[in-house]
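Where a number appears in this text, it was derived from the coordinates with a stated rule and is not lab data. Keep in mind it's a predicted model, so treat the numbers as computed, not measured. Quick reminder, even Gly has a Cβ in these numbers, built from the backbone with ideal geometry, and neighbours come from all protein chains shown.
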Amino acid sequence: MKKIYILCVDDEPEVLLAVEQNIADLEDTFPILTAESTAEARTLAKQITSEGNQLGLVLCDHVMPGENGVDFLIELDKEDAFNNTRKVLVTGQAGLDATVKAVNEGRLNHYIAKPWKAEDLVAIAKDQLTQFVIRSKMNPLPYMMCLDAEKLAEYIRTDGSVTDR
Amino acid sequence: MNFINKKTISVALGIAGLLLPQFIGFEGLEPAGQLALGIFLMAGIFWICEPIPIFATSLLIILLQVFLLSEKGLFAGSLLESGYTPQSYKDFYGTMASPIIILFLGGFSLAASAVKFGLDRTLTRFLLKPFGSKPQFVCLGLMVSTAVLSAFMSNTATTAMMITVVLPIIAQLKEGDPFKKVVALSIPIGANIGGIATPIGTPPNAIALAALRGQGIDIAFSTWMMLAVPLVVIMLILAWRILLFLFPPATDEFKIQLDAKINTSPAAIISYIVFGLTVILWVTEKLHGISSSVIAFLPIAALPALSVLDKKDIRGFSWEVLWLVAGGISLGLSLQHTGLASWIIDQVNWSSLGSLGLLIVFGLVAYGVANLISNTVSATILVPLAVGLGVSGAAGADFNMGISIVTIGVVVSLSMILPISTPPNAIAMSTSVIESKDMAKAGIVVGVFGFLITLGFSLLYWPLFIK
């Protein structure tokens with residue numbers, strides 16, 4: 001089965017660790033990768049798709065040495081393989097302009113302001129991954145236990161993605 | 001890439017199965033039978049190991065039949081020389097437009113319009129209301145509502161809808177209350193059992209009905225319901241008591257939100273009318289004499305004509321389920337026509353089992369297999385053998401072929417031990433309040449009782465309808 005990955009990008013290792021710990025419960029179903037720069041993130045993203053898997057969610061910081069998070073997300077969105085990937089900014093420093101740019105040009109799905117609450121981050125990650133499963137028209141059964149079961153059940157009801165057999 | 005994995009091994013096995021009869025040349029089987037056996041073996045292996053989706057296997061069957069066994073096929077000449085008259089390729093293609101498939105298509109149209117306008121949800125609220133707020137009756141209400149809906153819609157879609165109804169109930173209950181398990185299990189059990197109630201309830205019914213029709217036994221929509229509904233009612237009550245016994249609730253009262261809002265847009269009203277009218281015409285088939293497959297075209301044509309369903313809705317039908325069934329029916333044709341079914345039957349001395357023993361063996365195998373693989377496939381593999389047994393006369397004069405077919409069709413729906421047994425079971429696991437062992441416990445008890453009751457029906461009640 002194709003795996004759905006979560007990719008966390010932040011130049012501060014301790015922030016990455018915090019994010020990873022917050023969403024650790026998801027890791028059994030959605031393997032988590034971390035990158036300390038957008039260059040590293042890009043390599044990992046390519047690697048995920050080249051292995052036949054999918055990138056479901058990117059949790060990305062904005063201000064980092066080298067390329068910033070918003071530009072990375074915009075560029076990611078242009079590639080077909082990452083078109084459905086859910087893009088979330090986790091930042092305290094993205095100004096209005098950068099954020100607007102991310103929304104308009106990178107189809108940003110969510111903005112999380114630092115500092116965040118662990119339960120909020122988990123809820124947002126689950127919601128975004130639920131949307132990813134639905135929009136990618138995947139079989140929702142393997143993900144129902146971990147994600148929003150009600151939304152995925154509704155998706156089965158209306159979309160016939162699972163049928164009698 | 002590692003090329004030796006479960007998938008490639010299954011594919012290799014399937015192809016080996018397809019070619020095996022050509023190399024071994026089984027004794028007593030005509031060339032057409034050898035070809036059919038190859039197709040049967042390949043289909044069986046593919047259906048069980050699932051290297052490709054089960055409906056894709058059904059499509060392959062039709063392809064192979066058209067190329068290998070039909071009058072326009074590669075071997076038409078040599079088959080004729082061997083004394084076998086190949087079937088028309090139209091017979092194989094025609095399975096997709098057979099009356100039972102059209103009946104299902106009618107059901108799909110109704111279900112699609114019901115989902116589109118939320119009729120399934122409204123009906124649930126309406127059906128649940130009389131059951132009040134006492135836990136044990138809420139449980140019965142959930143099972144009855146699920147069963148009623150799944151009798152006309154797919155078991156899976158019904159379960160998905162009901163899960164959205166019960167998740168808030170589960171969230172409301174205290175941590176560790178066994179009633180959570182009762183609620184979560186009542187849905188798949190209700191859906192699996194409810195599918196038995198009407199011909200369109202679940203695909204295995206189609207396999208059984210098509211086989212009966214092939215043997216000249218025409219069962220009206222209402223006749224099937226008379227056969228099945230009493231069984232469904234008994235099973236529901238029994239399963240209800242079993243669930244409450246296994247997981248006694250700790251709460252004695254709780255709130256259940258039932259805001260029954262009816263969609264009253266013109267399109268919705270039309271869909272309700274078409275739904276009601278079709279169902280009424282189906283269940284009164286005996287009174288007016290118009291076949292249910294004829295009536296089925298009413299919703300198929302009327303709903304798009306009245307702009308209730310659009311092209312997107314029609315694309316959204318579960319066409320792969322229809323192909324799955326069509327391929328199954330098509331395989332059955334060749335099993336009978338080439339004499340393969342009788343040949344398989346001849347390999348065993350059945351008369352020593354007696355007619356009751358035969359029924360039990362078929363029932364047990366169907367039940368066991370359906371717990372592990374698709375219910376439709378289980379019925380598809382076993383029903384032609386029951387037909388072969390009846391036609392060849394190997395089972396003795398008191399073997400009732402018709403009843404054995406219905407029995408197979410029913411017991412596959414009673415298989416619900418594992419999360420993989422049926423899609424409703426898999427969906428119910430997503431509530432995270434049941435473990436596999438809870439499901440197994442309930443599934444085994446319901447299955448054992450269900451099997452015995454079905455056996456009772458096939459000995460005492462069904463002979464009143466199927467001679």
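Details
- Taking the range A:114-148 as the range and being over 11 Å from the mean Cα position of the chain (by Cα), of a type in the set (D, E, K, R) and assigned to a helix (DSSP H, G or I) as the test, the residues that pass are A:GLU119, A:ASP120, A:ARG135.
- Taken over the range A:62-91, the criterion of being part of a strand (DSSP E or B) and β-branched (Val, Ile, Thr) is satisfied by A:VAL88, A:VAL90, A:THR91.
Okay, residues lined up against (1) over 30 Å from B:LEU185 (Cα atoms); (2) more than 14 Å from chain A (Cβ to nearest Cβ); (3) not hydroxyl-bearing (Ser, Thr, Tyr):
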{"residue": "B:ASN400", "(1), (2), (3)": "yes, yes, yes"}
{"residue": "B:GLY409", "(1), (2), (3)": "no, no, yes"}
{"residue": "B:ALA442", "(1), (2), (3)": "no, yes, yes"}
{"residue": "B:VAL445", "(1), (2), (3)": "no, yes, yes"}
{"residue": "B:GLY450", "(1), (2), (3)": "no, yes, yes"}
{"residue": "B:LEU455", "(1), (2), (3)": "no, yes, yes"}
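- Residue count for the range B:70-89, restricted to those that are in a helix (DSSP H, G or I) and touching a Ser or Thr at 6+ places or on another chain (Cβ under 6 Å): 1
- Considering residues of the range B:411-430 that are more than 9 Å from chain A (Cβ to nearest Cβ) and among the aliphatic types (A, V, I, L, M) only, the residue farthest from A:LEU141 (Cα to Cα): B:VAL411
- Residue match in the range A:53-60 (condition: under 17 Å from A:ASP11 (Cβ atoms), of a type outside the set (Val, Ile, Thr) and in contact (Cβ under 8 Å) with a residue 24 or more places away in the chain): yes
- Answer residue from the range B:343-395, given it is crowded, with 21+ Cβ neighbours inside 10 Å and hydroxyl-bearing (Ser, Thr, Tyr) and is farthest from B:THR57 (Cα to Cα) among those: B:TYR367
Listed here are the residues, each with its yes/no results for (1) facing chain A (nearest Cβ under 9 Å); (2) of a type outside the set (A, V, I, L, M, F, W, C); (3) surrounded by fewer than 24 Cβ atoms within 10 Å (Cβ to Cβ).
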{"site": "B:GLY132", "(1), (2), (3)": "no, yes, yes"}
{"site": "B:GLN136", "(1), (2), (3)": "no, yes, yes"}
{"site": "B:MET143", "(1), (2), (3)": "no, no, no"}
{"site": "B:ALA147", "(1), (2), (3)": "no, no, no"}
{"site": "B:SER154", "(1), (2), (3)": "yes, yes, no"}
{"site": "B:LYS174", "(1), (2), (3)": "no, yes, yes"}
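- Elements of type helices (runs of 4 or more DSSP H) contained in the range B:90-172, each with 3 or more residues being out of contact with any helix residue (DSSP H, G or I) (no Cβ under 8 Å at 6 or more places or on another chain) and closer than 22 Å to A:LEU152 by Cβ: B:155-172
Residues checked against (1) surrounded by fewer than 16 Cβ atoms within 10 Å (Cβ to Cβ); (2) away from chain B (no Cβ under 14 Å):
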position	(1), (2)
A:GLU105	yes, yes
A:ASN109	no, yes
A:ILE112	no, yes
A:PRO115	yes, yes
A:ALA123	yes, yes
A:GLN128	no, yes
A:VAL133	no, no
A:LYS137	yes, no
